[in-house]
Amino acid sequence: MKNRSGFSSKLGFVMAAAGSAVGLGNIWRFPNLVANYGGGLFVLIYIILVVTVGSTLMTTEIALGRRGQTDAYGCYKKLDKRFSFLGFFGILIPFFIASYYSVVGGWIVKYLVEFVRGNLTQLTGATYFSNYIASPVAPVVYHGTFIIISMLILLCGVKQGIEKSNKIMMPALLVLSVVIAVRSVTIPGGLSGLAFYLIPDFSKFTFESVLMAIGQVFYSLSLAMGIMVTYGSYMGRDVNIQKSVKMTELFDTCVAFLAGMMIVPAVFAISGGNPDGINAGPGLLFETLPNVFSHVPFGGIFGALFFLLVLFAALTSMISLMEVVITWLIDRFQMGRIKATLLTTVSVFAFGIPSSLGFGVWQDVTIFGRSIFDFIDFTANNVIMPLVAIATCIFVGYFWGVKNIFEEAEISGSFKNKKYYTIMVRYVVPICIAAVWITGIL
Ligand code: PFF
């Protein structure tokens, strides 16, 4: 069978998948969750979930996509019409995520600009970040700036260029993260933060934290929303699925782990070793890192470089989110590419505005007790995505058949641990997610 325009090399798939996977989820969202949901215990739960639930689902989605040879919606429709609703979520969830992703992307652009202007000292102010996000205009303008950069990348056909430059940018991000993490741990007070980050405290166990960890696995690995199905459709038949899954997961988890090492110990150091300071909101990255950079010679330059690399990682994720919606508009409504891109840009921007204003002028608006930003984030990652994951397992385990997954994977080598995979997809993953979903939400 002919392949869709595939990735050029074996590493190409891993690089593209990692480009979508590594982003604000690793650098901004993961450390927040670690800080708020029990430190080392959360890290441990997260890693266990990546190698069990994450691997099973990623293998499944890639194999489905490579068999279907089309986008997520078309793929489910082709393989079993009754499950095409899964493809619909594969458009809706990326749209939801893109809207607030771009708000956080805007914060990154703002910090990059401030670092370049040499304003490190201002950024270290305790209330700088909270004051900034509460203002009604500037964050919306930066949210717009971030999405316009993403749009230009998509329109100018330089998407591939960006993905290629990731081959330099991502390793650079990894190296710089190690340097920052070392500095963060060695600031006085940082070591107690390191202990909080690495040593699990089992008395802190809650089902809610497991639910949050599962949501983070989906978010960070771009699972349960059709993205990996689409990427699978581009994967060459000579590429080993299980090996690619392992490499993508390893890379993604390393970046998240290092981000935690940069931020969590620094919070302890800044708050003078007082763990109460750890209870931070979405601003943890922005509030702590300028402080770390202020402890480093040429901190302003390091800060600018770091936020530039994070911006790259965020952009590759953002364009993969937008691309799903654009492709759907083109295929479903026969829209031209330019029109589809503009429509996506404008709607994502408009839908993101309430999330931004929710930190300031609309801070009293709550939906089910959550801010607008939090509500969209929670609904996508912790309510809908677990359901999509369960439905995907049921589809493969009981309808389409695990044999088809093995068959597809074995085109490019052997499939290891077939029994384990079958038990995971049929029983363990759907039952565990359902149990955690019910206990964590109710
Ligand atoms: N995985 C990305 C991150 O961790 O930042 C977020 C994301 C990107 C999710 C692309 C979904 C997606 F399609």
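The values are calculated or read from the model by the stated rules, or taken from the named source; none is laboratory data. Just so we're clear, the structure is a prediction, and the values are computed from it rather than from any experiment. Heads up, the Cβs are rebuilt from the backbone with ideal geometry, glycines too, and the neighbour counts pull from every protein chain shown. Side chains are part of the model used for accessible areas, which takes the heavy atoms of the whole protein and leaves out ligands, DNA and RNA. Shrake-Rupley method; radii C 1.70, N 1.55, O 1.52, S 1.80 Å.
Per-structure values
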{"read-out": "Selection status of Phe375, under 18 Å from Pro282 (Cβ atoms) and in contact with a helix residue (DSSP H, G or I) (Cβ under 6 Å, 6 or more places away or on another chain)", "value": "no"}
{"read-out": "Test: residue in the stretch 104-119 that is under 25 Å from Met225 (Cα atoms) and of a type in the set (Gly, Ala, Ser)", "value": "yes"}
{"read-out": "Members of the stretch 58-78 found to be assigned to a helix (DSSP H, G or I), charged (D, E, K, R) and either out of contact with any Ser or Thr (no Cβ under 6 Å at 6 or more places or on another chain) or crowded, with 24+ Cβ neighbours inside 10 Å (or both), listed by number", "value": "Glu61, Arg66, Arg67, Lys78"}
{"read-out": "Filtered residue count, the stretch 83-103, keeping only those that are among the small types (Gly, Ala, Ser) and either within 11 Å of the ligand (Cβ to nearest atom) or under 14 Å from the mean Cα position of the chain (by Cα) (or both)", "value": "4"}
{"read-out": "Top-ranked residue of the stretch 243-254 - restricted to ones that are of a type outside the set (A, V, I, L, M, F, W, C) and buried (at least 20 other Cβ atoms within 10 Å of the Cβ), ranked as farthest from the ligand (Cβ to nearest atom)", "value": "Ser244"}
{"read-out": "Residue within the stretch 219-234 that is surrounded by fewer than 24 Cβ atoms within 10 Å (Cβ to Cβ) and of a type in the set (Phe, Trp, Tyr) present", "value": "yes"}
{"read-out": "Matching residues, the stretch 303-329, being among the hydrophobic types (A, V, I, L, M, F, W, C), open to solvent by 30 Å² or more (accessible area, probe 1.4 Å) and either within 14 Å of the ligand (Cβ to nearest atom) or farther than 16 Å from Met170 by Cα (or both)", "value": "Phe312, Trp328"}
{"read-out": "Extreme residue, nearest to Trp328 (Cα to Cα), among residues of the stretch 79-101 that are surrounded by fewer than 17 Cβ atoms within 10 Å (Cβ to Cβ) and of a type in the set (Phe, Trp, Tyr)", "value": "Phe88"}
